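Input: a single structure, listed below in structure tokens.
The values are calculated or read from the model by the stated rules, or taken from the named source; none is laboratory data. None of these values were measured; they are calculated from a predicted model. All Cβ positions, glycine included, derive from the backbone under ideal geometry; neighbour counts span all protein chains shown. With ligands, DNA and RNA removed, areas are computed over all heavy atoms of the protein, side chains included. Shrake-Rupley method; radii C 1.70, N 1.55, O 1.52, S 1.80 Å.
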Amino acid sequence: MTLDYLIIGAGPAGLQLAALLQAEGRRDYLVLEGAERPGAFFARFPRHRQLISINKPRTGTDDPELNLRVDWNSLLSDDPELLFTRYTPRYFPQADDYLRYLADFAERLRLKVRYNTRVERIAFADGVFTVDGHTARRVVVATGVSRAYEPPIPGFELAEHYADMSVDPNDYLDQRVLVIGKGNSGFETADALMETTTVIHLAGPSSVHMAWRTHYVGHLRAVNNNFLDTYQLKSSNAVLDGQVRRIERDGDGFKVTFSFSRADEVEKELRYDRVLACTGFRFDASIFDDSARPELVIKDRFPAQTSAFESVNVPGLYFAGTITQPRDFKKSTNGFIHGFRYGVRALHRILESRHHDTPWPATPLKATPEAITDAIVARVNRTSGLWQQFGFLGDVVLPDGSYLEEVPVAYVSDGGLGELPLAFVVTLEYGPDHDKVDPFDITVSRIAQDTVGRAHDAAYLHPVVRVHRAGEVVAEHHLAENLENRWDRPDVHVRPLAEFVARQLDAR
């Protein structure tokens, strides 16, 4: 039997898509999972077991949509029991709690998952995929990034990778340790080893980017940055800016040649007892034969894909989860559960539209400036999808009286919804150059939240309404930012937006 959908991987993204297909009545699908349980990635990672995804059960509101703004782990379903906030009160939860949650999610919804079934080969011919004896019209790969990324450094194979290194601090007693990588895994590792090592150096060619400044949650999170204190307060540790040129054995340890970016020294040889590689992961494309092999991007770490999450060179091959992050690389949140759960829902709606003649869900409303304004204001004040997928997903308001939620903005621009003579696209976005502003520097002036005419210069998250005419953006309106994220003040938010909408409708 040829399936409609074969999903590879029972991690959060694969389970999310399966749940959405099943809720829609699509039973002609199957999830293949190589491990004996769902979410097997979390059985090993993060190595020190603390997640950096926010879990906040106490919010002061019973609005489930608002609550998802500070619940970064729950998958989307209609079952209130399937919220991760019911599993632990910890703000930064433990990975083992998430394993329990994913197992319950799959079991409670009776998702069609075949475990202990590792995919070895995916082929494509005559519009049909063959996957280890299974056939399907469409394949959705939701495997995450499962292979270690190895930068081209001579001798890199001598380093211990994050996936395999010991996490017992006593194994590093009185040792000099080099950690290659300036991301969260590198800092997480350094923080765990500070009490037992004599020296830790963290090295990498790029600058340390703080998530609280860039608003990209994959950058260094405050929960992992204790190591920076020990460096700047001269407590034996250091962050090295530059390139590791080569790694060589030196007796019982290692000699590492390092080229500094900012110091006067061109190169310097440094000795360590251990070298740890925290350089991240990449997509594993080895399961594809030549007939189905997707193009790769970003140093071959991810599959190239269209705005519909489809391979750019293999029709019918789709992607879900963290491997969709090339669509918003280091800008929004497709690389993380609290982002890609909405991306997967958008993918599901795209699949329904393309392959089952089911249009994007739409809410009817009157085609008047007042009705359109009220609908936009109501949505931006409680939406979690636009909040989490800032700048990537947008609500689309059509002047025929239709309100479509959470459409990928690029999908709209690419004509995914068809030719639109006029459409209002609503997003939540940070301001221009927001990552260049130190939010804690009180000497830097900030646009006041009541300053309507300067809202486009605001650095903080705020609603933006753009007008698309025949695929081109012809006008935009910014709602003034607000400390408590309420954009409903009559003279500050509502009236200026209504006037903007009226002008655009009149311009037709």
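Before we move on, is Ala222 touching a helix residue (DSSP H, G or I) at 6+ places or on another chain (Cβ under 9 Å), farther than 21 Å from Tyr272 by Cα, among the hydrophobic types (A, V, I, L, M, F, W, C) and surrounded by fewer than 15 Cβ atoms within 10 Å (Cβ to Cβ)?
Values: touching a helix residue (DSSP H, G or I) at 6+ places or on another chain (Cβ under 9 Å): yes; farther than 21 Å from Tyr272 by Cα: yes; among the hydrophobic types (A, V, I, L, M, F, W, C): yes; surrounded by fewer than 15 Cβ atoms within 10 Å (Cβ to Cβ): yes.
It is true that Ala222 is touching a helix residue (DSSP H, G or I) at 6+ places or on another chain (Cβ under 9 Å), farther than 21 Å from Tyr272 by Cα, among the hydrophobic types (A, V, I, L, M, F, W, C) and surrounded by fewer than 15 Cβ atoms within 10 Å (Cβ to Cβ).
Does Tyr98 satisfy being within 30 Å of Arg379 (Cβ to Cβ) and open to solvent by 10 Å² or more (accessible area, probe 1.4 Å)? So that I can check it myself, show each step before the final result.
Details: within 30 Å of Arg379 (Cβ to Cβ): yes; open to solvent by 10 Å² or more (accessible area, probe 1.4 Å): no.
Judged against the criteria, Tyr98 is not a match.
So, in region 323-354, exactly how many residues are under 16 Å from Gln388 (Cβ atoms), open to solvent by less than 40 Å² (accessible area, probe 1.4 Å) and among the charged types (D, E, K, R)?
2
Residue-wise test of (1) of a type in the set (Ser, Thr, Tyr); (2) within 27 Å of Asp457 (Cβ to Cβ).
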{"residue": "Pro359", "(1), (2)": "no, no"}
{"residue": "Ala362", "(1), (2)": "no, no"}
{"residue": "Leu365", "(1), (2)": "no, no"}
{"residue": "Trp387", "(1), (2)": "no, yes"}
{"residue": "Ser402", "(1), (2)": "yes, no"}
{"residue": "Tyr411", "(1), (2)": "yes, no"}
{"residue": "Phe424", "(1), (2)": "no, yes"}
{"residue": "Tyr430", "(1), (2)": "yes, yes"}
{"residue": "Pro439", "(1), (2)": "no, yes"}
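Which one of the conditions (1) among the polar types (S, T, N, Q); (2) touching a strand residue (DSSP E or B) at 6+ places or on another chain (Cβ under 9 Å); (3) crowded, with 18+ Cβ neighbours inside 10 Å does Thr363 fail to meet, given that it meets all the rest?
Only one criterion in (1) among the polar types (S, T, N, Q); (2) touching a strand residue (DSSP E or B) at 6+ places or on another chain (Cβ under 9 Å); (3) crowded, with 18+ Cβ neighbours inside 10 Å is unmet by Thr363, namely (3).
List the strands (runs of 3 or more DSSP E) that sit entirely inside region 106-190 and contain at least 1 residues that are in contact with a Phe, Trp or Tyr (Cβ under 6 Å, 6 or more places away or on another chain) and buried (at least 16 other Cβ atoms within 10 Å of the Cβ). Before the answer, list the steps.
Working: elements: 122-125, 128-131, 134-141, 176-180.
Where strands (runs of 3 or more DSSP E) fall fully within region 106-190 and carry at least 1 residues being in contact with a Phe, Trp or Tyr (Cβ under 6 Å, 6 or more places away or on another chain) and buried (at least 16 other Cβ atoms within 10 Å of the Cβ), they are 122-125, 134-141, 176-180.
Determine which member of the set Pro421, Pro496 is open to solvent by 10 Å² or more (accessible area, probe 1.4 Å), at pLDDT 95 or above, of a type outside the set (Val, Ile, Thr) and out of contact with any Ser or Thr (no Cβ under 8 Å at 6 or more places or on another chain). Talk me through it step by step, then tell me what you get.
Details: Pro421 fails: at pLDDT 95 or above.
Result: Pro496 is the single residue among Pro421, Pro496 that is open to solvent by 10 Å² or more (accessible area, probe 1.4 Å), at pLDDT 95 or above, of a type outside the set (Val, Ile, Thr) and out of contact with any Ser or Thr (no Cβ under 8 Å at 6 or more places or on another chain).
Residues in region 28-42: is at least one touching a Ser or Thr at 6+ places or on another chain (Cβ under 8 Å), under 25 Å from Thr333 (Cα atoms) and modelled with pLDDT of 95 or more?
To start, the set of residues in region 28-42 that are touching a Ser or Thr at 6+ places or on another chain (Cβ under 8 Å) comprises 32-34, 41.
Now restrict to residues that are under 25 Å from Thr333 (Cα atoms): 33, 41.
The next check asks that each one be modelled with pLDDT of 95 or more; those that pass are 33.
Yes: region 28-42 contains one or more residues that are touching a Ser or Thr at 6+ places or on another chain (Cβ under 8 Å), under 25 Å from Thr333 (Cα atoms) and modelled with pLDDT of 95 or more.
Please work out if Val139 is at pLDDT 95 or above and among the β-branched types (Val, Ile, Thr). First the steps, then the outcome.
Values: at pLDDT 95 or above: yes; among the β-branched types (Val, Ile, Thr): yes.
Criteria met by Val139.
Could you go through region 149-162 and let me know if any residue there is free of Cβ contacts under 8 Å to residues at least 60 places away in the same chain and within 28 Å of the chain's Cα centre (by Cα).
Yes, region 149-162 contains a residue that is free of Cβ contacts under 8 Å to residues at least 60 places away in the same chain and within 28 Å of the chain's Cα centre (by Cα).
Please count how many residues of region 379-431 are of a type in the set (Ser, Thr, Tyr) and touching a strand residue (DSSP E or B) at 6+ places or on another chain (Cβ under 6 Å).
So in region 379-431, the residues of a type in the set (Ser, Thr, Tyr) come out as 383-384, 402-403, 411, 413, 427, 430.
After this cut, where a residue has to be touching a strand residue (DSSP E or B) at 6+ places or on another chain (Cβ under 6 Å) as well, the list is 402-403, 427.
Counting residues in region 379-431 that are of a type in the set (Ser, Thr, Tyr) and touching a strand residue (DSSP E or B) at 6+ places or on another chain (Cβ under 6 Å) gives 3.
Matching residues to (1) under 19 Å from Gly335 (Cα atoms); (2) free of Cβ contacts under 8 Å to residues at least 40 places away in the same chain:
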{"residue": "Asp168", "(1), (2)": "no, yes"}
{"residue": "Asp171", "(1), (2)": "no, yes"}
{"residue": "Arg176", "(1), (2)": "no, no"}
{"residue": "Lys182", "(1), (2)": "yes, no"}
{"residue": "Ala190", "(1), (2)": "no, no"}
{"residue": "Leu193", "(1), (2)": "no, yes"}
{"residue": "Thr196", "(1), (2)": "no, yes"}
{"residue": "Ser206", "(1), (2)": "no, yes"}
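If I ask for residues that are in a loop (DSSP other than H, G, I, E, B), open to solvent by 40 Å² or more (accessible area, probe 1.4 Å) and touching a helix residue (DSSP H, G or I) at 6+ places or on another chain (Cβ under 8 Å), which ones from region 450-470 would you list?
Of everything in region 450-470, those that are in a loop (DSSP other than H, G, I, E, B), open to solvent by 40 Å² or more (accessible area, probe 1.4 Å) and touching a helix residue (DSSP H, G or I) at 6+ places or on another chain (Cβ under 8 Å) turn out to be Asp450, Tyr460.
Exactly one condition in (1) modelled with pLDDT of 95 or more; (2) farther than 27 Å from Ser353 by Cα; (3) outside any loop (DSSP other than H, G, I, E, B) is false for Glu65; which is it?
(2)
Could you check region 228-259 and list, in sequence order, the residues that are more than 19 Å from Pro154 (Cβ to Cβ), under 29 Å from the mean Cα position of the chain (by Cα) and surrounded by 12 or more Cβ atoms within 10 Å (Cβ to Cβ)?
Leu228, Val239, Asp241
How many of the residues in region 386-431 are among the aliphatic types (A, V, I, L, M), over 16 Å from Ala346 (Cβ atoms) and assigned to a strand (DSSP E or B)? Give the steps one after another, and end with the answer.
First pass over region 386-431, keeping only residues among the aliphatic types (A, V, I, L, M): 386, 393, 396-398, 404, 407, 409-410, 412, 417, 420, 422-423, 425-426, 428.
Now narrow it down to the ones that are over 16 Å from Ala346 (Cβ atoms): 397-398, 420, 422-423.
Filter once more, keeping what is assigned to a strand (DSSP E or B): 397-398, 423.
Here the count works out to 3.
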